[in-house]
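Once you've had a glance at the structure underneath, I'll fire off some questions.
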Amino acid sequence: MKRIIVFTMFVLMISFTGKNFAQGYDFDLNDLDGNSVKLSELLKKGPVLVQFWATWCVPCKEEMKALNELWGKYKDSGFVFVAVSIDDQKSLSKVKPYIESKSYKFPVLFDTDKNTFSNFGGQDPPFSVFLDRNGSIFKTYSGYIQGDDGKLDSEIKEALKIGKN
Amino acid sequence: MLKLKGAVTLSFVVLIFCSVSIYSQPKLNVRVSANNMLRYGNGRENSVTGDLTKKYFEELADVRLFVNDFFAGVRYEYDDPIEFGKSLKGITRRFIEFKKDDFTVRAGNYYEIFGSGLTLNSFESRPIGWNTEFDGAKVNYKYSFGKKKNVRVEGTLVAGGMDFTDINDTARTEKYSIRAGNFSISPHKYITLGGSYLFTDGKIPTGNITTDIAAELFEGNASLNYKGLALLFSYANKVTISQPNAIFTQSKAPRGDGAYGSLSYTREGFGITVDYKNYRFNVTTPDQRSANDPFKALPFQNAPSCIKVYSSTLLSRFPHNVDFNDEVGWQVDVFYSPTKKLTLNANASLTSRHYDYFDADTTTLTRYERIDRSAFLPSTKNEFSPYWELFFEAEYYVNKDLKTKLGVSRKTNILYSINDPGASDIIRTFTIPLEVQYTFAKVYGVKLNAEFQQAYNSLRAGETNFWSQLTTLSISRSPSIIVSGTAEVTNDEEDPSGKKYWVKGELTYKFTSANTIMLSYGSERGGLQCSSGICRYVNPFNGFRLTLINNFN
């Protein structure tokens, strides 16, 4: 227990030492059409909300529906939304059919080995990371509760203001 | 193993040399992130034979440090005792990674997938105590060239060791040391061709005797992704060579193979996927089938299961345990949204073993021989231990705040007993799940889940037909609180828990958007839990549970 406390203290102390984008944070994942998509490239457009989801995760799909509406509302202001599927080999082939059946137009990426998911500290989906234009993590979300879209709406507005010239 | 340690040390040295590049960079970008999970439980585990006190305490902390092009991570674990599986205490994961543009090198612990996972798919699933993590080194490089950089190549090399312990027998550990590579090329945006090679040394215990094996796996795969059409095919071949010992007096070198294919077609509002699997990594006679067989599919091979994955409780209650050694099957899954408010999902799957067998010995001894057939497709005959399923679900948004979902599922799972066909384990279920969700005053939510299941189990000594009913009611207030209650009732006289009803209350409180505490008190029915086709039995539990999940980014 002593070690855990020391560990946690260490983490909290160092969390304040830097807020800049490190390349280790960057990802390079394939989209539904096999195109390579880099986080560093997406950040050039504006703040990026990365949602980690899976086809078997019911709250993920509810959150995705809400995020799709918010993306439609704020994409012209620079808000970028990407849904990263952590489906493994057993359900991977159903990702594209699900997305197309819902007529979603935002980018959907594959993180089959869950390396990107774990790099951001994801434990269970839905898990989302909101990065501002500078690449700093503005907010992390774990789980989804009905009605969370109201809070997300105001946080997108806030993130759009950060780093804007 | 010494060579392996040398390789890991060398990788660290290489990374230290690389670290010199930090000093040439004008700005030091440092970030630390961490996540923590604490689990505590105190209660009783129920079974027909009696109740036992069950207490557990588990602590798991991951810390990651990012410094420019470097990334290092450490996991600390502690338990007193662990809920199930093998106890791990201390630093159980550590790695350092260097990433520069399209080049990545890592030394330490890692997971990896090659292609469709026929050769290599290592992963962790804590609910079933599964962990096929490697300790060693991994290098990945991507390169694009051509006029529009439209030709892409990618290669991965891995080396490492793994001690694998199954939750079913925590005193038994298999040891593996692997060297493997994966290569893929996309000569055109729509086409990808790839191949993998893996070599492993292994030590497989059977009682007090260990069998030394060496296995080689080759895999080839091709995929086509053109507009709404996606096609994927993978084939892997495996040879396992055993050293003579008290069990196998002569060296053996059986071959096995596996194939997986998927075809999907999508257009706006519609998507269909057809999956096909044919896994023959260790097709043996019924008396030779064993989880300890040195010639089985290796624990880090985990191919697609081709079976639908459910999140609702009763639909997951009688799952099919995929046998990657001997299984052939297909699955069709369709999504269709005729309007923005309505989404339909239909799924059908059929899986079976490849062959039926007969006793060819005319004396009192038994010698099984297989009845050959074209085993390209699964069979529905009991002798082939078939599993089949039909599922249909409709999701309808009455308006923005009210959602309903109704499904129906029919499953049959047969585990055939060749010695006594009358003692075969036959399970048939008919399940109806219903969900109604309503959001009001923008932040409040009410969710009702009701599931009804009619089941038949041939192994019941008394009444073989029984039903179960589960109801969950949740009330939430965004963004922080969920309160829920679950009640399950059955008329099954022979449930392993010896009970007929289970009641549980749960409270989830999010004190920030990524920090959550969950408390529950009551009884849980337990049963088989599955992850990636691997299933393990989890005991019924009655008592208090606490889970604390933290994420510091």
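Just so it is clear, none of the values below were taken in a lab; they were calculated from the coordinates. As the structure is a computational prediction, the values presented were derived from the model and not from experiment. Because the Cβ atoms are built from the backbone with ideal geometry, glycine has one as well, and the counts that use them run over all protein chains shown.
Could you give the dipole magnitude of the protein assembly as shown about its Cα centre, charging the beta-carbon of Lys and Arg +1 and that of Asp and Glu -1, in debye to the nearest 20?
In total the dipole reaches around 2380 debye.
So how do B:Ser87, A:Ser85, B:Ser385, B:Ser379 line up by other beta-carbon neighbours within 10 Å, fewest first?
Lowest count first: B:Ser87, B:Ser379, B:Ser385, A:Ser85.
Further question on the same structure: Which length gain, in nm to one decimal place, applies between B:Ile191 and B:Arg267 when the Cα-Cα distance is subtracted from 0.36 nm times their residue separation?
My answer for the length gained is 25.4 nm.
Within straight cross-link reach of B:Lys142, meaning Cα distance under 12 Å, which aspartates and glutamates are found once same-chain residues fewer than 8 apart are removed?
Filter leaves A:Asp28, B:Asp101, B:Asp102, B:Glu154.
Given chain B, what percent of its DSSP beta bridges are antiparallel, to the nearest 5?
100
Take B:Asp326, B:Asp420 and order them by how many other Cβ atoms sit within 10 Å, fewest up front.
The most exposed by this proxy come first: B:Asp420, B:Asp326.
Where does each of B:Glu369, B:Glu58 land when they are ranked from fewest to most other beta-carbon atoms within 10 angstrom?
Lowest to highest Cβ neighbour count: B:Glu369, B:Glu58.
Scattering from the C-alpha atoms of the range B:404-515 alone, worked out with Debye: what is log10 I(q)/I(0) at q = 0.13, 0.23 1/Å?
The Cα Debye sum returns log10 ratios of -0.67, -1.23.
At a Förster distance of 45 Å, what's the computed FRET efficiency of B:Leu229 paired with B:Leu459, Cβ-Cβ distance as r, to 0.05?
Here the calculated transfer efficiency is 0.50.
Also: Calculate log10 I(q)/I(0) of the range B:90-240 for q = 0.11 Å⁻¹, where I(q) comes from the Debye formula with a single equal point scatterer on each Cα and nothing for solvent.
These q points yield log10 I(q)/I(0) values of -0.53.
Please tell me the relative contact order of the range B:354-420 in percent, rounded to the nearest whole number, where contacts are Cα pairs under 8 Å and at least six residues apart.
Relative contact order here is 27 percent.
Can you tell me the relative contact order of the range B:445-538? Whole percent, Cα pairs under 8 Å, sequence separation 6 or more.
Averaging sequence separation for qualifying contacts and normalising by length gives 19 percent for the range B:445-538.
Give the Kirkwood hydrodynamic radius (Å, one decimal) of the protein assembly as shown, defined as one over the mean of 1/r across all pairs of different Cα atoms.
27.1
Right, something else. What trypsin sites (Lys or Arg not before Pro) in the range B:109-165 are in a loop by DSSP, with at most 15 other Cβ atoms within 10 Å of the Cβ?
Counting only loop positions with at most 15 other Cβ atoms within 10 Å, the trypsin sites (Lys or Arg not before Pro) in the range B:109-165 are B:Lys147, B:Lys148, B:Lys149.
A follow-up question, please. Based on the Kirkwood radius over alpha-carbon pairs, what is the Stokes-Einstein translational diffusion coefficient of the range B:194-299 at 10 °C with 1.306 mPa s viscosity, in µm²/s?
For the chosen part, D equals 99 µm²/s.
Here's something else I'd like to know. Of the options B:Pro378, B:His354, B:Tyr368, report the single residue whose Cα projects farthest towards the positive end of the charge dipole of the range B:350-397 (beta-carbon charges: Lys, Arg +1; Asp, Glu -1).
B:Tyr368
While we're on this one: Once the convex hull of the C-alpha atoms of the range B:220-373 is built, how many Å³ does it hold per residue, rounded to a whole number?
So the per-residue Cα hull volume is 165 Å³.
Also, I was wondering about something else. Just the Cα atoms of the range B:20-164: what Rg and Dmax do they give in Å?
20.3, 72
Another question, then. Whole-Hz Karplus ³J(HN,Hα) for the range B:334-349, in order, using 6.51 cos²θ - 1.76 cosθ + 1.60 and θ = phi - 60°, x for Gly and Pro?
Using θ = phi - 60°, the values come out as 10, 10, 8, 10, x, 9, 5, 8, 10, 10, 10, 9, 10, 9, 9, 8 Hz.
Among B:Phe199, B:Asn168, B:Ile427, whose Cα projects farthest towards the positive end of the dipole of chain B, with charges put on the beta-carbon of Lys, Arg (+1) and Asp, Glu (-1)?
B:Phe199
Taking the Cα centre of chain B as the origin, how large is its charge dipole in debye, to the nearest 20, when only Lys and Arg (+1) and Asp and Glu (-1) carry charge on their Cβ atoms?
2220
Output wanted: per-residue J couplings in Hz (rounded whole) for the range B:392-405, from phi through Karplus 6.51 cos²θ - 1.76 cosθ + 1.60, θ = phi - 60°, x for Gly and Pro.
Working through the residues one at a time gives 9, 9, 10, 10, 9, 8, 5, 8, 4, 9, 10, 10, 10, 9 Hz.
Where the convex hull is taken over the Cα atoms of the range B:294-383, what is its projected area averaged over directions, in nm²?
With the hull built on Cα positions only, its mean projection is 9.9 nm².
Another one. Below 8 Å, C-alpha to C-alpha, sequence gap of six or more: please give me the relative contact order for chain B in percent.
Normalised by residue count, the contact order of chain B is 10 percent.
Among A:Ser85, A:Ile145, A:Val108, whose Cα sits farthest toward the positive end of the charge dipole of the range A:76-165 (+1 at Cβ of Lys/Arg, -1 at Cβ of Asp/Glu, about the Cα centre)?
A:Val108
Still on this structure, please answer the following. Taking N as the number of residues in chain B, what is its alpha-carbon radius of gyration divided by 2.2 N^0.38 Å?
Output field value: 1.06.
Simple spin-label model, 7 Å along Cα-to-Cβ: B:Leu473 to B:Ile241 in nm?
If labels sit at B:Leu473 and B:Ile241, their model points lie 6.7 nm apart.
With +1 on each Lys and Arg Cβ and -1 on each Asp and Glu Cβ, and nothing else charged, work out how big the dipole of the range B:69-159 is about its Cα centre, in Debye to the nearest 20.
600
In sequence order, what are the phi-derived ³J(HN,Hα) couplings for the range B:140-154 according to the Karplus relation 6.51 cos²θ - 1.76 cosθ + 1.60 with θ = phi - 60°, rounded to whole Hz, with x for glycine and proline?
The phi angles translate into 9, 9, 10, 8, 10, 8, x, 4, 10, 6, 8, 9, 10, 10, 9 Hz.
Take the Cα coordinates of the range B:390-432, assign each an equal point scatterer, and use the Debye formula without solvent to give log10 I(q)/I(0) at q = 0.14, 0.35 Å⁻¹.
Relative scattering, expressed as log10 I(q)/I(0), comes to -0.52, -1.08.
Further question on the same structure: Return the calculated 222 nm mean residue ellipticity for chain B, to the nearest 500 deg cm²/dmol, obtained by summing -39500 (n - 2.57) across DSSP H runs with n ≥ 4 and dividing by the residue count.
Calculated from helices alone, the mean residue ellipticity at 222 nm is -1000 deg cm²/dmol.
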